[in-house]
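The values are calculated or read from the model by the stated rules, or taken from the named source; none is laboratory data. If you're wondering where the values come from, they're calculated on a predicted model, not measured in any experiment. Cβ atoms come from the backbone with ideal geometry, glycine included; neighbour counts cover every protein chain shown.
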Amino acid sequence: MLYPIELRVRGAKVVAVVARGVKRARLALSRARRRFGKRLFLPRAPLVELCADKYRFTRRLRALRLPAPATCRVGSLGEIDRIFARLAHGGAPLWCRIRRGAGSRGAIAVATAAQARSWISYWRDMRGVPVTAFTLSEFLPGRDLGCQSIWKDGRPILTKTYERLSYLTSGSQPSEVSSVPALTKTVREPEIAALCARVILALDPRASGVFGVDLRQDANGVARVTEINAGRFSSTTNLLDLTGKHNMTAVYVALATGEPVELADEYDVAEFHYLLRDIDAVPRILREEEFFDGVHDARHATPRKEPAC
Ligand SMILES: Nc1ncnc2c1ncn2[C@@H]1O[C@H](COP(=O)(O)OP(=O)(O)O)[C@@H](O)[C@H]1O
Ligand SMILES: [Mg+2]
């Protein structure tokens, strides 16, 4: 979803865009930048475009010697054996996914070349996705981390970090992992925040707007960047807005409308806060110690006396 907000600041019309989802709309707006002048608070169109293609993005990061999973494009089904020989080591699976789109579309771990061929053929035949839209990457088995930051003209203003612990509908999908977490927690990871700042600056020294970096640790616990959502707020934003010292969306809107913001390179962490989401349930933010409020251990309950009849 994209939320353009029209405001009047000191008599002038200002457009702030609080964006979530739909990459194409963000790109169209960013491309039409000249018509908006300074009023559009989105990253530059070439950067939005680069981030929209996960294969091109991963290649750029690796060319810059920044940590991203080794990734190959699938040119044809016949290439898959060769890609497995190159990327799969010690029986580890590979991560198969579609280079464009969100929500882990077409993403799954594959243990063999035959599994990858079947999965990709299925998507080609049943969902109309061409074979060449797929990539295979080295599998990252570690922690699933996120870092959202707000930037203005190449300066980091506010950064928050979080970890995805479980995923919606993971029980009924082929892949247990997805982009939509059921349980997320705030974490203090200054090295992750610093790495994400390095990555964003390397891609655009004049970065402006919101950047959501997704990372996953490899087998050695080293975090690698799997994607950047450039100009788009993460669905975890409620957790980041409502915990810590600063509300990220409020800071974003203040910057977009040219209001004074007294922050500079602020890493804002309120640890041990959780965002709990489920289908047909109101999302909740809890502190760790609140998890068992109202929950009683049935083992210590005194059995109720049955009424005598
Ligand atoms: N190489 C990989 N190995 C293991 N899991 C991965 C890999 N790349 C991405 N993932 C998982 O897939 C999820 C979605 O990937 P991501 O890069 O964030 O794309 P998107 O959210 O656009 O689908 C991530 O949260 C991560 O857990
Ligand atoms: Mg993601």
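Assorted remarks:
- Any hit, segment 121-144, residues being modelled with pLDDT of 95 or more, under 22 Å from residue 210 (Cβ atoms) and buried (at least 18 other Cβ atoms within 10 Å of the Cβ): yes
To keep it simple, each residue is scored yes or no on (1) within 18 Å of residue 59 (Cβ to Cβ); (2) crowded, with 24+ Cβ neighbours inside 10 Å; (3) within 11 Å of ligand 1 (Cβ to nearest atom); (4) modelled with pLDDT of 95 or more.
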{"residue": "217", "(1), (2), (3), (4)": "no, no, yes, yes"}
{"residue": "220", "(1), (2), (3), (4)": "no, no, no, yes"}
{"residue": "223", "(1), (2), (3), (4)": "no, no, no, yes"}
{"residue": "237", "(1), (2), (3), (4)": "no, no, no, no"}
{"residue": "240", "(1), (2), (3), (4)": "no, yes, no, yes"}
{"residue": "247", "(1), (2), (3), (4)": "no, no, no, yes"}
{"residue": "253", "(1), (2), (3), (4)": "no, no, no, no"}
{"residue": "258", "(1), (2), (3), (4)": "no, no, no, no"}
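- The number of residues in segment 80-118 being surrounded by fewer than 19 Cβ atoms within 10 Å (Cβ to Cβ), of a type in the set (A, V, I, L, M, F, W, C) and farther than 16 Å from residue 141 by Cβ comes to 3.
- In segment 145-191, the qualifying residues are those that are among the aliphatic types (A, V, I, L, M) and within 21 Å of residue 266 (Cβ to Cβ), and the one that is nearest to ligand 1 (Cβ to nearest atom) is 145.
- Only residues that are among the charged types (D, E, K, R) and either outside the structural domain of residue 146 (by TED's automatic domain parsing) or within 11 Å of ligand 1 (Cβ to nearest atom) (or both) were counted in segment 196-215, giving 1.
- The number of residues in segment 166-192 being in contact (Cβ under 8 Å) with a residue 60 or more places away in the chain and farther than 18 Å from residue 280 by Cα comes to 10.
Here is a yes/no grid of residues against (1) within 13 Å of ligand 1 (Cβ to nearest atom); (2) farther than 30 Å from residue 261 by Cβ; (3) in contact (Cβ under 8 Å) with a residue 24 or more places away in the chain:
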{"site": "64", "(1), (2), (3)": "no, no, yes"}
{"site": "71", "(1), (2), (3)": "yes, yes, yes"}
{"site": "84", "(1), (2), (3)": "no, yes, yes"}
{"site": "123", "(1), (2), (3)": "no, yes, yes"}
{"site": "128", "(1), (2), (3)": "no, yes, no"}
{"site": "138", "(1), (2), (3)": "yes, yes, yes"}
{"site": "142", "(1), (2), (3)": "yes, yes, yes"}
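- Tally of residues being of a type outside the set (A, V, I, L, M, F, W, C), at pLDDT 90 or above and part of a loop (DSSP other than H, G, I, E, B) across segment 282-295: 1
- Residue tally, condition under 24 Å from the mean Cα position of the chain (by Cα) and polar (S, T, N, Q), over segment 87-131: 1
- Meeting the requirement of 1 or more residues that are away from ligand 2 (no atom under 16 Å from the Cβ) and β-branched (Val, Ile, Thr), the helices (runs of 4 or more DSSP H) wholly within segment 42-155 are 80-87, 113-127.
- Among the residues examined, residue 210 qualifies as of a type in the set (Val, Ile, Thr) and buried (at least 21 other Cβ atoms within 10 Å of the Cβ).
- Taking the criterion of being touching a residue at least 60 places away in the same chain (Cβ under 8 Å) and of a type in the set (Lys, Arg), the only residue of segment 233-286 that qualifies is 277.
- Which numbered condition residue 55 fails, given (1) modelled with pLDDT of 95 or more; (2) assigned by TED's automatic domain parsing to the domain that holds residue 110; (3) not basic (Lys, Arg): (2)
- Residue check, residue 64 of a type in the set (A, V, I, L, M) and modelled with pLDDT of 95 or more: yes
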